[in-house]
1. Would you calculate, for the chain, the mean residue ellipticity at 222 nm contributed by helices, counting each DSSP H stretch of 4 or more residues as -39,500 (n - 2.57) and dividing by all residues, to the nearest 500?
2. Please say if the stretch 29-141 is rounded, prolate or oblate, where rounded means a/c under 1.5 for a ≥ b ≥ c the square roots of the C-alpha gyration tensor eigenvalues, and otherwise the choice is prolate for a/b larger than b/c and oblate otherwise?
3. Give me the base-10 log of I(q)/I(0) for the chain at each q in 0.15 Å⁻¹, Debye formula, one uniform scatterer per Cα, rounded to two decimals.
4. How many lysine pairs are close in the stretch 2-203, with Cα atoms under 21 Å apart and the two 8 or more places apart or on different chains?
5. Among Phe176, Phe153, rank each residue by its count of other Cβ atoms within 10 Å, from fewest to most, as a rough exposure measure.
6. Would you kindly derive the ³J(HN,Hα) couplings of the stretch 53-58 from the backbone phi angles with the Karplus curve 6.51 cos²θ - 1.76 cosθ + 1.60 (θ = phi - 60°), listing them in order in whole Hz, with x for Gly and Pro?
7. Please list, in chain and number order, the residues 5+ apart from Trp195 or on another chain whose amide H is under 5 Å from its amide H, with Hs placed from the backbone.
8. Order these peptides, 191-201, 79-89, by their mean beta-carbon neighbour count within 10 angstrom, highest first.
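Taken together, the values in this text are just the output of simple stated rules run on the coordinates, not laboratory data. All figures in this text were calculated on a predicted structure; none of them were measured in a lab. Every residue, glycine as well, gets a Cβ built from its backbone with ideal geometry; the counts of neighbours run over all protein chains shown.
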Amino acid sequence: MLVDAINHRRPETATENTILGPFFVEGMPVSPSGTNICLDGKGEPLVVQAQVVDIDGAPVKGAVIDVWQTNDDGFYDVQQKGLQPDGNLRGKFQSDAQGRFWFQTVKPRDYPIPADGPVGKLLTTLGRHPNRAAHIHFIVQAAGYETVITLIFSPDCPYLDEDTVFGVKESLIGQFEKVNDSRLAGSIGVPNPFWLTAPDFVLKPVGYGGAN
């Protein structure tokens, strides 16, 4: 996290970077906005309505956004081959002329990192738990802008202040709203009630001189 922070200094208005993690999978096909990436049916429905903009607030058209997270049991699909559907809770989207995209998923949950090897022994020696704060991964790429590898954290997660890899940054804690509106849920094709979050991803132009 320290190396990442040093290597990705950005203007204060730009979305902060964070670590990639070991479970990113390349080559996911682009899906249309509104796609439900939860293939196992587990968890509380969450709608993500996002926008990609530049540091002046102008929309960024044609940005490509990779998304991935654990399922409601706390595992990525690649950790449970044969148990989870391939590509479960993974997606790739493209922003429209207003920089917007949206998709259906489930509310993220906390989960423990594998602790049966030397990392687990180290954490035990230090008296620390192995739990990661609940989050969704994003990679946002657009021509002419620096690629952002980032996360959105669930604001009610009990591990925000003690994420085991120190990955939480205050600006990355999302705003999640519980929506109980059967008419709205029906219009967008999600179960009622559902959670809603509407993050902005703010990109820094390549070569821009401003920094934190």
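1. Values: 3 runs with 22 residues, N = 212.
Mean residue ellipticity, 222 nm, calculated: -2500 deg cm²/dmol.
2. Details: a/c = 2.67, a/b = 1.71, b/c = 1.56.
Prolate shape, in that a/c is at least 1.5 and a/b is the bigger ratio.
3. Treating every Cα as an identical point scatterer, log10 I(q)/I(0) equals -1.01.
4. 9
5. Numbers: Phe176 18, Phe153 25.
The order, fewest Cβ neighbours first, is Phe176, Phe153.
6. 9, 8, 5, 9, x, 7
7. Those lying under 5 Å, H to H, from Trp195 are Leu46, Val47, Val179.
8. On the way: 191-201: 16.8, 79-89: 15.1.
Final packing ranking: 191-201, 79-89.
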